[in-house]
Amino acid sequence: MDLEVGAIVAGKITGITKFGAFVTIAPGKSGLVHISEIASTYVNDIREYLAEGQEVMVKITGVDQSGRLNLSIKAATAEPQERVRTNYQPKPQSETPEPAFEDKLKRFMQDSDKKISGSKLYSDKKGARRRGR
């Protein structure tokens, strides 16, 4: 059996953990399908997608220095479509245009100056009372 990176082979799930599933693809040869490589959607519980003893098609995505195989179920299935948000709703255009950055900055500076001057008056009054005036 040809076990090179990029090959798509049949395998049998021999174990399931919280981080992935172990798949035997040949006698004495097994690898791990990481939870992120099981489906093209978010996988919370692997057992919702896979069961021990199930036959699956996997793609060999890599071999590490220890000789362990990295496998992917989602890469072995039909080529993934472009990830397009199907529930995309464009933001409705408001009647009033959004103010420019300079206008926002000017308003912020004015508000900031008001707050600072108000706090100075308060601290001046508070300090005068403490000194006995």
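The values are calculated or read from the model by the stated rules, or taken from the named source; none is laboratory data. Quick caveat, the model's predicted, so the values are computed rather than measured. Heads up, the Cβs are rebuilt from the backbone with ideal geometry, glycines too, and the neighbour counts pull from every protein chain shown.
Any chance segment 47-56 includes a residue that's under 18 Å from Ile8 (Cβ atoms), of a type in the set (A, V, I, L, M, F, W, C), assigned to a strand (DSSP E or B) and at pLDDT 90 or above? The answer is yes, given that some residue of segment 47-56 is under 18 Å from Ile8 (Cβ atoms), of a type in the set (A, V, I, L, M, F, W, C), assigned to a strand (DSSP E or B) and at pLDDT 90 or above. Going through (1) surrounded by 12 or more Cβ atoms within 10 Å (Cβ to Cβ); (2) more than 10 Å from Leu71 (Cβ to Cβ); (3) of a type outside the set (A, V, I, L, M) one by one, Gly31 falls short only on (2). Note on segment 5-56: residues that are farther than 16 Å from Ala76 by Cα and touching a residue at least 40 places away in the same chain (Cβ under 8 Å) total 2.
From the list Asp64, Asp124, the lone residue that is out of contact with any helix residue (DSSP H, G or I) (no Cβ under 6 Å at 6 or more places or on another chain), acidic (Asp, Glu) and modelled with pLDDT of 80 or more is Asp64.
Given the criteria in a loop (DSSP other than H, G, I, E, B), at pLDDT below 90 and loosely packed, with under 12 Cβ neighbours inside 10 Å, does Thr86 qualify? Judged against the criteria, Thr86 is a match.
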